[in-house]
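> Have a look at the structure that comes next, please.
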Amino acid sequence: MRFGFQHTYSDLPSRFYARLAPTAVADPRLLVLNRPLTEDLGLEPNALEPEAAALFSGNRLAEDADPIAMAYAGHQFGVFVPSLGDGRAILLGELRGRDGVLRDVQLKGAGRTPFSRGGDGRAVVGPMLREYLVSEAMHALGVPTTRSLAVVTTGEQVLRERALPGAILTRVAASHVRVGTFQYFAARGDQEAVRELLQYVIARHYPAAREAQVPALAVLKEVAQRQLALITDWMLLGFIHGVMNTDNMAISGETIDYGPCAFMDEHDPKKVFSSIDQGGRYAYANQPVIAQWNLARFAETLLFLIDPDPDKAAALAIDALEPFVEEFNTRFLAGMGRKLGLSAPASGDTALIKRLLGAMQHAEADFTLTFRSLAEAAKSPGEPTRWRALFAAGPDFDAWLRDWQERLAGDPQSTSERVESMRAVSPAFIPRNHRVQAALAAAESGDYALFRELLAVLQRPYDDQPEVAAYALPPQPSERVLQTFCGT
């Protein structure tokens, strides 16, 4: 079978990757195939499905595949590691979808590579289904993200804390070029490779930069703008990536690598889920600052291309990145205003938003449910029963409620317009950690019913779906998930 693969990345010099085939597995079986995405990629699901287990396990390659493992480096929790790379992932090629966009198709968990660093190159079913669930949920929520095309079980056991069933995820991405890809070559003093990689990124993601006076600076600014939009999207949904290392920041601006990610239940700016983030480096409220820090590391790799004078190059890069956090705050507050039903900013809005967030933190109110319920309160201002129940009674909150209702009275939207716009930015359903955990625990025992049900619910996050209303509820105390794990 031919997929119609292109190979723009493997056309780069051989030091950009290692060429090797996936390692065959014992008994591959298709667990899930993303049929709509298959069609978007220009493939025929009915023709593909009978062959999917073999093709997406790596046991059999498409005739036009050219499998490679990509080289990259990265700062992991602030510590630079000069050689990381795809230790268990293999890029098969690129497909141009029906929308004209070229996308990578990669197998994750496909066996050892020269970048495995002692690892087994494998993945287990729980984390692969987790990435499938959360990445597809993020897509449905409207957040730029890598996608999941398929999960195949391998018929083999993989040793982690205990023996677990093996699996391989087929990931689709705008590309897998990361900040860490640039760092890999910069750390080796390979300026020619950095220059070639920049030209590749311009051709694939930022063609307008080719006409800029300083293309490297133009790319830096554009990457920063995409990351700014992405982090804002995350935080308006209560999403915590959990491992924002530079090798997990995609130059394309997509969310990538869903290891220990989670959505907040109760609002807490210091919230951390990742078991390996002991110092809280990647806590919810830290994400904009970390994104800026990562972008500074990206800028460092480009300085010689920005200006031959190192001091001038550094000054230009600083000017490009210094406003990042301030611009984030502006965008975040504007997004919060939309969640409060405000169609245009007015004086006092910032204070109104901050007061609500403070009340939510104090009351440990559920982030997602608070904003979804606000739309109900806006529809029936005199009876915000469901929403009011999220907060302990108190004069401060009652004063906020009155001020908000007064602010809505001066907003030009009609009630129906306001409610519709609020519901369009505040989902009813997210991948709640306890629901994801329950689905994955069942899947590890061979029962995929909960996974399939949750996946279906998450495809329509902004619809009420009364028949599955329980999926919108926060966890009971005994159901709370306090830590998440990367699965490697």
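> Mind giving me the FRET efficiency for residue 343 and residue 311? R0 is 51 Å, r the Cβ-Cβ distance, nearest 0.05 is fine.
About 0.65, to the nearest 0.05.
> Shifting gears a bit: Just order 6-15, 247-256 by mean Cβ neighbour count inside 10 Å, highest at the front, would you?
247-256, 6-15
> Normalise the Cα radius of gyration of region 251-327 by 2.2 N^0.38 Å (N = residues in it) and let me know the number.
Values: Rg = 15.8 Å, N = 77, 2.2 N^0.38 = 11.5 Å.
Ratio of Cα Rg to 2.2 N^0.38 Å: 1.38.
> I've got another one for you. Set the Förster radius R0 to 25 Å, insert the Cβ-Cβ distance between residue 318 and residue 289 as r into 1/(1 + (r/R0)^6), and round the FRET efficiency to 0.05.
Computed FRET efficiency for residue 318 and residue 289 comes out at 0.95.
> To the nearest Å, what is the center-to-center distance of region 165-235 and region 81-130, using C-alpha atoms only?
For region 165-235 versus region 81-130, the Cα centre distance is 17 Å.
> Mark the label point 7 Å from the Cα of residue 406 along Cα→Cβ and return the residues of region 347-365 whose backbone N is within less than 16 Å of it.
Inside the label zone: 347-353, 355-356.
> Between 0 and 90 degrees, rounded to the nearest ten: what's the tilt of helix 191-204 against the longest Cα principal axis of the chain?
Its long axis makes an angle of about 60 degrees.
> Pairs of alpha-carbon atoms within less than 8 angstrom and 6+ residues apart define the contacts here; what relative contact order does region 138-217 have, in percent?
19
> Another one. Ratio of Rg to Rh for region 28-135, alpha carbon only, Kirkwood?
Using Cα coordinates only, the ratio equals 0.99.
> Still on this structure, I have one more. Angle between the Cα long axis of helix 324-339 and the longest principal axis of the chain, 0 to 90 degrees, nearest 10?
50
> Please report the antiparallel percentage of the DSSP beta bridges confined to the chain, to the nearest 5.
Here the share of antiparallel DSSP bridges comes out near 95 percent.
> Here's something else I'd like to know. Taking the Cα centre of each part, how many Å lie between region 311-330 and region 410-488?
36
> Work from the charge dipole of region 267-337 (Cβ charges, +1 for Lys and Arg, -1 for Asp and Glu, about the Cα centre) and give the residue of 275, 289, 303 farthest towards its positive end.
Going by the Cα projections, it comes out as 275.
> Another one. Where only protein heavy atoms count, and the probe is 1.4 Å, what is the accessible area per residue for the chain in Å²? Before the final figure, lay out the partial values.
On the way: 19710 Å² over 488 residues.
Solvent-accessible surface per residue comes out at 40 Å².
> Taking the Cα of residue 415, stepping 7 Å toward and past its beta carbon, and measuring to each backbone N in region 311-353: which are under 15 Å?
none
> Pairs 108/312; 221/354; 312/354; 270/339; 271/312; 108/354: which are spaced more than 31 Å apart, C-alpha to C-alpha? Could you put the intermediate results ahead of the total?
Numbers: 108/312 41 Å; 221/354 29 Å; 312/354 39 Å; 270/339 21 Å; 271/312 39 Å; 108/354 41 Å.
Violating the 31 Å limit, Cα to Cα: 108/312; 312/354; 271/312; 108/354.
> While we're looking at this one, here's another question. When the accessible area of the chain is computed with all protein chains present and a 1.4 Å probe, what percentage of it is carbon and sulfur?
52
> Separate question: What distance in nm separates the simple spin-label points at residue 362 and residue 399, each placed 7 Å from Cα in the Cβ direction?
A separation of 0.9 nm, rounded to one decimal place.
> Moving on. Output the relative contact order of region 173-262, whole-number percent, from Cα pairs under 8 angstrom with separation of 6+ residues.
Relative CO of region 173-262 lands at 40 percent.
> Also, quick follow-up: Assigning unit charges at the beta carbon (Lys, Arg +1; Asp, Glu -1) and nothing else, what dipole magnitude in debye, to the nearest 20, does the chain show about its Cα centre?
500
> Give the residue from 249, 217, 181 lying farthest towards the positive end of the charge dipole for region 177-293; charges sit on Cβ (+1 for Lys and Arg, -1 for Asp and Glu) and the dipole is referred to the Cα centre.
The residue sitting farthest along the positive end of the dipole is 217.
> How much FRET efficiency would the formula 1/(1 + (r/R0)^6) give for residue 47 and residue 101, where r is the Cβ-Cβ distance and R0 is 22 Å, rounded to 0.05? Before the final figure, lay out the partial values.
Working: r = 22 Å, r/R0 = 1.01.
E between residue 47 and residue 101, to the nearest 0.05, is 0.50.
> Residue 163 versus residue 196, label points 7 Å from Cα toward the beta carbon: distance in nm?
4.5
> Extension gain residue 326-residue 60, at 0.36 nm per residue separation less the Cα-Cα distance, in nm?
My answer for the length gained is 90.8 nm.
> Determine the gain in length on full extension of the stretch residue 468-residue 76; use 0.36 nm per residue of separation and subtract their C-alpha separation, reporting nm with one decimal.
Between residue 468 and residue 76, full extension yields an extra 137.2 nm.
> Could you derive backbone 3J(HN,Hα) for region 364-374 from the dihedral phi with the Karplus parameters 6.51, -1.76 and 1.60 (θ = phi - 60°), listing whole Hz in sequence and x where the residue is Gly or Pro?
Ordered by residue, 3J(HN,Hα) equals 6, 6, 5, 4, 5, 5, 4, 6, 5, 6, 4 Hz.
> Please give the helix 45-55 orientation as an angle from the longest Cα principal axis of the chain, in degrees from 0 to 90, rounded to the nearest 10.
60
> What is the distance, in nm, between label points placed 7 Å from the Cα along the Cα-to-Cβ direction at residue 8 and at residue 214?
2.6
The values are calculated or read from the model by the stated rules, or taken from the named source; none is laboratory data. Not measured: the values here are computed from a predicted model. Every residue, glycine among them, receives a Cβ derived from its backbone with ideal geometry; neighbour counts consider all protein chains shown. Please note that ligands, DNA and RNA were not included when accessible areas were found on the heavy atoms of the full protein model with its side chains. Shrake-Rupley method; radii C 1.70, N 1.55, O 1.52, S 1.80 Å.
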